[in-house]
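Just so you know, all these numbers are worked out from the coordinates, no wet-lab data involved. Please read all numbers here as calculations on a predicted model, not as lab measurements. Please note: Cβ atoms are built from the backbone with ideal geometry, for glycine as well, and neighbour counts cover all protein chains shown.
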Amino acid sequence: MCGIFGSNNFSKYTSLYEINKQRGTFAFGCLAVREDDQDMYIVKRPGNIDLEHLPSHVENNYDVYLGHTQAPTSNAREYDVQTSHPFEYKEWLVAHNGIINNYEKIVKQHVPKHKNPVDSSVLPVLFDKYQKSGMAAYESIMETMNQLKGLAAIWAYNKLENKLFLCRMGSTLHYDGENTFSSLKLPGTELMDDNTLYEFNFKNSKITEIDKLSTQSEFFIIE
Amino acid sequence: MKKCVIPISGGLDSTVILNHVHKNYDFDEIHALSFDYGQRHKKEINCAVDQVFGKVKSFKTVKIDFISQLFSTSSITNPDIDVAETKDVLGDPQTVNYVPNRNTIFLSICTGYAESLGADTVFHGSALVDSEAGYWDGSKEFLTSINKHNSLNRRDKIKIEAPLIELSKKEIVKLGIDCGVDFTKTWTCYKGQDKACGTCPACSSRLQGFILNKKIDPLEYSINIDWNKFDCEPII
């Protein structure tokens with residue numbers, strides 16, 4: 001369990017990273033996406049990173065900057081790029097904050113050849129499986145998330161449709177009503193609806209609701 | 001003679017287990033233990049005293065309050081640390097509400113007690129939500145590991161059972177209703193004020209369990225809960 005965050009603004013992104021470090025200092029993952037040519041910049045590093053040391057072309061050259069701060073899981077105590085966020089599989093890049101309690105069952109049932117000790121790793125694999133079966137990207141996420149037992153806040157980028165999605169299922173995820181989101185609450189942000197899939201729209205840089213999951217959270221939350 | 005040991009905090013889960021075991025298992029003797037570990041409040045223990053009446057062969061409150069002196073990082077044992085609110089900590093790897101290694105300590109004491117009584121089973125109150133709330137010592141992996149550890153015992157094989165470990169709060173509340181649990185005599189809130197806070201993780205999951213069963217939790221909460229909005233009715 002960790003922290004996820006993102007913004008269309010690099011300066012805001014830097015602040016978000018500083019705040020979300022407290023959710024996990026074991027590793028950091030970053031994905032920046034430019035919509036028109038689908039250029040991506042991906043970084044995975046153990047521990048913390050100084051964002052000022054990123055290549056100069058990264059700042060302000062992408063439409064969205066996404067981050068993940070990772071705490072060590074019980075199944076991955078040593079840093080390994082294969083067990084760190086974002087997890088990439090074919091057309092998908094995914095970062096997850098939470099826990100998938102039925103991970104083993106899901107793997108056995110749907111993708112028995114999948115081998116990775118970290119539960120989050122199965123998400124892009126399942127998204128891909130459903131997308132290949134003919135589902136739209138958002139339907140693939142819905143189909144997957146509705147089968148999960150546990151907690152999740154994710155960002156998921158699909159290269160095929162060039163779309164970015166956010167989903168909250170139990171884990172905290174706050175947003176400013178426009179284009180910035182974070183696991184930790186920041187001034188001016190509110191909790192996003194639980195059990196809900198959102199899209200980060202590149203065109204207008206806004207986060208909008210797409211659909212409701214059929215799952216139910218274990219927690220009743222009043223802000 | 002078949003005997004078991006049940007640690008009972010006075011919270012919802014352990015109370016449901018006590019009633020479930022009393023009603024649906026065939027133990028000749030149930031022995032209950034509560035722990036005074038210097039926790040933030042004693043409301044739970046008072047509830048435990050009410051709950052065990054007529055259901056157990058023996059009930060003891062064990063004083064191990066050195067825990068609160070040694071384990072100062074938890075909001076439950078250190079009153080100087082605020083209890084974390086659900087909305088702030090969901091997905092947190094280990095919140096300040098976690099008491100270091102508490103379940104291992106409790107279960108070790110219960111297992112030793114079971115050995116001395118000739119009991120073969122200890123019940124453990126962990127539920128599905130415990131893993132989700134970040135409690136590693138409430139997980140299935142923990143249960144498997146501690147049973148493996150106990151199996152090293154060459155003579156007295158004590159099994160730790162956790163009948164709620166795969167149940168959602170909705171299912172636990174339903175089981176409690178079916179077993180006739182008096183929910184007015186349970187206390188779940190971490191804070192221990194006059195009324196339950198309704199916003200700590202313990203309250204949040206309890207409330208969700210009642211709401212999803214469309215039942216009104218008979219406890220009083222300091223926040224306003226519009227039970228009508230969720231079509232909830234009193235437990236009869």
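Along each of its three principal axes, how wide is the spread of alpha-carbon positions in segment B:3-168, in whole angstrom units, largest first?
44, 32, 31
Give me the dipole magnitude in Debye, nearest 20, for the protein assembly as shown about the Cα centre, with unit charges on the beta carbon: positive for Lys and Arg, negative for Asp and Glu. Intermediate values should be presented prior to the final figure.
Details: 50 positive and 60 negative charges, 313 e Å.
Dipole size: approximately 1500 debye.
Which percent of Cα pairs goes in each bin when the distances of segment A:123-169 are cut into 5 angstrom slices starting at zero?
5, 23, 37, 24, 9, 2
Residues of A:212-219, mean number of Cβ from any other protein chain within 10 Å of their own Cβ, rounded to a whole number?
On the way: counts 0, 0, 0, 0, 6, 9, 17, 15.
Across A:212-219, the average partner-chain Cβ count within 10 Å equals 6.
Other chains' Cβ within 10 Å of A:171-184 residues: what's the mean?
Per residue, the number of nearby Cβ atoms from other chains is 2 on average.
Hull surface divided by four, with the convex hull built on the Cα atoms of segment B:112-236: how many nm²?
With the hull built on Cα positions only, its mean projection is 9.0 nm².
Going highest first, how would you order B:151-159, A:90-98, A:183-191 by mean Cβ packing within 10 Å?
A:90-98, A:183-191, B:151-159
Once segment A:16-149 is represented by equal point scatterers at the alpha-carbon sites, with solvent omitted, what log10 I(q)/I(0) does the Debye formula produce at q = 0.10, 0.14, 0.15 Å⁻¹?
Scattering profile of segment A:16-149, log10 relative to I(0): -0.35, -0.69, -0.79.
Only four residue types carry charge here, +1 at the Cβ of Lys and Arg and -1 at the Cβ of Asp and Glu. Report the dipole size of chain A about the Cα centre in Debye, rounded to the nearest 20.
Details: 22 positive and 29 negative charges, 156 e Å.
Once rounded to the nearest 20, the dipole reads 740 debye.
What pairs from B:Lys23/B:Lys191; A:Lys132/A:Lys212; B:Lys55/B:Lys185 go past 25 Å between their alpha carbons?
B:Lys23/B:Lys191
Taking every pair of distinct Cα atoms and averaging 1/r, then inverting, what Kirkwood hydrodynamic radius in Å comes out for the protein assembly as shown? Can you show the working numbers first?
Working: mean 1/r = 0.0429 Å⁻¹.
Final number for the Kirkwood radius of the protein assembly as shown is 23.3 Å.
Can you give the charge dipole size of segment B:3-168 about its Cα centre, rounded to the nearest 20 debye, using +1 on the beta carbon of Lys and Arg and -1 on the beta carbon of Asp and Glu?
So the dipole magnitude of segment B:3-168 works out to roughly 580 debye.
May I ask for the angle, rounded to the nearest 10°, between helix B:201-212 and the longest principal axis of chain B, with both axes built from Cα atoms and the value confined to 0 to 90°?
For helix B:201-212, the angle is close to 70 degrees.
Say the cut-off is 25 Å between C-alpha atoms; which of A:Lys115/A:Lys185; A:Lys185/A:Lys206; A:Lys115/B:Lys157; A:Lys159/A:Lys206 go over it?
A:Lys115/A:Lys185; A:Lys115/B:Lys157
Would you mind counting up the charge near A:Gln147? Only other residues with Cβ under 14 Å from its Cβ, with Lys and Arg at +1 and Asp and Glu at -1.
Combined, the nearby Lys, Arg, Asp and Glu give 0.
Using a Cα-Cα cut-off of under 18 Å, which aspartates and glutamates could be cross-linked to B:Lys148, ignoring same-chain neighbours fewer than 8 residues away?
Partners found: B:Glu115, B:Asp120, B:Asp137, B:Asp156, B:Glu161.
Averaging sequence separations of C-alpha pairs under 8 Å and six or more residues apart, then dividing by the length of segment B:89-222, give the relative contact order as a whole percent. Can you show the working numbers first?
Working: 158 pairs, mean separation 27.8, N = 134.
Answer for segment B:89-222 is 21 percent.
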